[in-house]
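Okay, structure first, notes after.
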Amino acid sequence: MSHDHSHSHGPGEACDHGHDDHNSPEYIHKTIRKYLKVGGILFAGTILTVAMYYVHIPSVAATIAIALLIATVKAAFVAGVFMHLSDERKMIYSILLCTVCFLISLMGLTLWAMNDFPFFTLVDGKPF
Amino acid sequence: MEIPYTVKPRPDTGLYNAKLGIWLFLASEVMLFGGLFSAYILLRVSSDLWPHGMVSIPVGTFNTFVLIASSVTVVMSWASLKLGKLSAFKGYMAATIVCALGFLGVKSFEYYAKFTHYDVWFKDEATAKKYFTAAYGEKGEEATRKLFVERFHLHNTKATYDANQIQLTGHLEGNPMFATLKKLTSAKKDTILFEADPPFGTHDHPKAIEVKLSDVQRLSAYVPAHSTYFAIYFTITALHGLHVLGGAIVLAYFLFTADHWWKKSPEQMANRVEVGGLFWHFVDLVWIFLFPIIYLL
């Protein structure tokens, strides 16, 4: 991970930055401006998602893809900025790497299992 | 005994212990909600009929804004502590708790509306048609079918649906919660007054009709037992709601013990608030996915 304030560290300790950087008032003021910006982005993203519903895109697949894409971008901002993940220690990244692997496997199994259902169920001899 | 590494990072992890703890916990939470999302996807793609428009989008959007606002205020409360501003911390934390209570209040209102809303299925087609006409007049069957077709987004509107597959939707006299056919009959009732929902696209409530309980095959409020849709809806949103409640209690504890902790150890206090905030952001993050999935798609 690269940090814009890593100048005080040696090259080998990128994730072991000193505590003082994060506690300086300048740094906190800078992050506060970032928090407000991200808040604005989250509001805008929500409006965009709802607007998309009212515009009504004919393709169901496209609607789902766009809605989930906006949600993922919003989630990335929350995790990256509010939860400080854009600038964390190695230990947390390794925990989250495991979680991401497990989550992707879970969703992969879900997609795989989706094909196990009978399609075109008949009601009174006619497809729904 | 002193709890170690509440302020200073532990040399081998590079983190104060609570932070490592909360991230391990959040990792398990990702899998908890991930499992429920997976269940939701499988239930939905395997069902023949999946209802739409059962929850109010403006209400859901409002609650999304409330949660986002609370995420901003909670992180601002932490930043205020870092800047040494205790009173600003208190203001932001109080705002966060107000948002949390607002979210839960709106959610309770939504739940109440569901618990008092009923679907009624009739024992056979002829009986069903009789009640459709009673509720909506001469074109009653058409009006009821239209509501059915719109609820399930059925494109093949000419397909035949047994009239007794199609439910009459509305409210019971006195607006009771959780009434069932069994409860009503054991209360020695023969008939109920039923206020059917307005026809599609209008807000004009038709006149209440009398429904004989002996004509009813099934009667259910919008509770988990109503359908797969409501089962998964209530499971996920109630679990999320419990997280909001739990988070609000912890944050309220931070607010009410602020003076004590500020004197004792401001650094440890800031770390506690950061950890509580991490949980709070996670709850917001889950809602960011829940909102489009449940309200919009």
Would it be correct to say that B:E138 is of a type outside the set (S, T, N, Q), more than 30 Å from A:A51 (Cβ to Cβ) and without any contact (Cβ under 8 Å) to a residue 12 or more places away in the chain?
yes
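Hey, any hits in segment B:163-171 for a residue that's within 14 Å of chain A (Cβ to nearest Cβ) and either of a type in the set (S, T, N, Q) or touching a Cys at 6+ places or on another chain (Cβ under 9 Å) (or both)? I'd like the intermediate steps shown before the answer.
Looking only at segment B:163-171, we keep the residues that are within 14 Å of chain A (Cβ to nearest Cβ), and these are B:163-166.
Going one step further and asking which of them are either of a type in the set (S, T, N, Q) or touching a Cys at 6+ places or on another chain (Cβ under 9 Å) (or both), we end up with B:164-165.
Yes: one or more hits.
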Which of the strands (runs of 3 or more DSSP E) found entirely inside segment B:158-236 contain at least 1 residues meeting this: more than 20 Å from B:R145 (Cβ to Cβ) and more than 24 Å from the chain's Cα centre (by Cα)?
B:191-196, B:209-212
Having 1 or more residues that are modelled with pLDDT under 95 and among the aliphatic types (A, V, I, L, M) is the bar; report the helices (runs of 4 or more DSSP H) wholly within segment A:1-93 that clear it.
A:25-55, A:60-77
Any residue at all in segment B:138-157 that's at pLDDT 95 or above, part of a helix (DSSP H, G or I), of a type in the set (S, T, N, Q) and crowded, with 16+ Cβ neighbours inside 10 Å?
no
Residues of segment B:172-187 being without any contact (Cβ under 8 Å) to a residue 60 or more places away in the chain and not aliphatic (A, V, I, L, M), in sequence order, are B:E173, B:G174, B:N175, B:T180, B:K182, B:K183, B:T185, B:S186
If I filter segment A:99-116 down to residues being among the β-branched types (V, I, T) and facing another protein chain (nearest Cβ under 7 Å), which single residue comes out as nearest to B:D48 (Cα to Cα)?
A:T110
Scanning for something within 15 Å of B:T191 (Cα to Cα) and without any contact (Cβ under 8 Å) to a residue 60 or more places away in the chain, does segment B:160-171 turn up at least one residue?
yes
Those residues of segment B:229-270 which are among the polar types (S, T, N, Q) and crowded, with 17+ Cβ neighbours inside 10 Å amount to B:T237
For the structure I just gave you, tell me whether B:K90 is free of Cβ contacts under 8 Å to residues at least 24 places away in the same chain and basic (K, R).
no
Please count how many residues of segment B:22-43 are of a type outside the set (A, V, I, L, M, F, W, C) and without any contact (Cβ under 8 Å) to a residue 12 or more places away in the chain.
4
Would you confirm whether or not segment B:97-110 contains a residue that is surrounded by 16 or more Cβ atoms within 10 Å (Cβ to Cβ) and hydroxyl-bearing (S, T, Y)?
no
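The values are calculated or read from the model by the stated rules, or taken from the named source; none is laboratory data. Quantities reported herein were computed from a predicted structural model and do not represent experimental measurements. Ideal geometry is used to build each Cβ from the backbone, glycine not excepted, and the neighbour counts take in all protein chains shown.
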